[in-house]
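The values are calculated or read from the model by the stated rules, or taken from the named source; none is laboratory data. Quantities reported herein were computed from a predicted structural model and do not represent experimental measurements. Glycine gets a Cβ as well: all are built from the backbone with ideal geometry, and neighbour counts include every protein chain shown. Side chains included, ligands, DNA and RNA excluded: accessible areas come from the protein's heavy atoms. Shrake-Rupley method; radii C 1.70, N 1.55, O 1.52, S 1.80 Å.
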Amino acid sequence: MRTSTEDPRAVVGIVTGGHFLSHFYLLSFPPLFPMLRDSFGLDAVGLGLVMSVVAVGMFLQVPAGGLVRRVGAKRVFVLGVAVTSGGVAAAGLAGSYPLLLAATLVSGVGQAAFHPADYTLLDAATDRSAEGKSFGVHTFGGYVGFAAAPLVVGALAAAFDWRVALLAV
């Protein structure tokens, strides 16, 4: 039974948009690897560490779920979007490899918020009979983010440079 007073379609749309961004930001760095390699003199291990640091958010999803319970899914969702996008923007400003890693860590910490907040919001806004559909739309949005990131970030980096690409997205 739906417990939210918001329009379920609007909630599903907003949460799906957030999930799109989550997955988009996860794959914002790989298209930039050749440029990051050249800018910071990195090898494959150094580039892999960038992605490993972003993935730290996966380990923080359980504590993020506790935060959802304490302060609410809406707040955690908005905080997750802000922290993740702020981390990606900060990566675009990084003047050194350690600063790049710090920025990607911030982005990864923000990533932890998405699944716990997303599913809580979808569950509250969606009738049980439509839950599968809303979860499916949400999942689809994430996969579209995975598909879009390399194209958008790669195109921006090719047209301008990697810093502009990260700051723009």
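Over all other residues within a Cβ to Cβ distance under 13 Å of ILE14, the charged ones net out to -1, with Lys and Arg as +1 and Asp and Glu as -1. Modelled label positions at PHE160 and SER129, each set 7 Å beyond Cα in the direction of Cβ, lie 4.8 nm from each other. Relative to the longest principal axis of the Cα atoms of the chain, the long axis of helix 73-93 makes an angle of roughly 10 degrees.
Quick one: accessible area per residue over the range 79-169, 1.4 Å probe, rounded to a whole number of Å²?
Numbers: 3980 Å² over 91 residues.
For the range 79-169, the solvent-accessible area averages 44 Å² per residue.
Each of HIS23, ALA55, VAL109 was placed along the dipole of the chain (beta-carbon charges, centred on the mean Cα), and the one lying farthest toward the positive end is VAL109. Residues in the range 4-66 average 48 Å² of solvent-accessible surface per residue, probe 1.4 Å, ligands and nucleic acids excluded.
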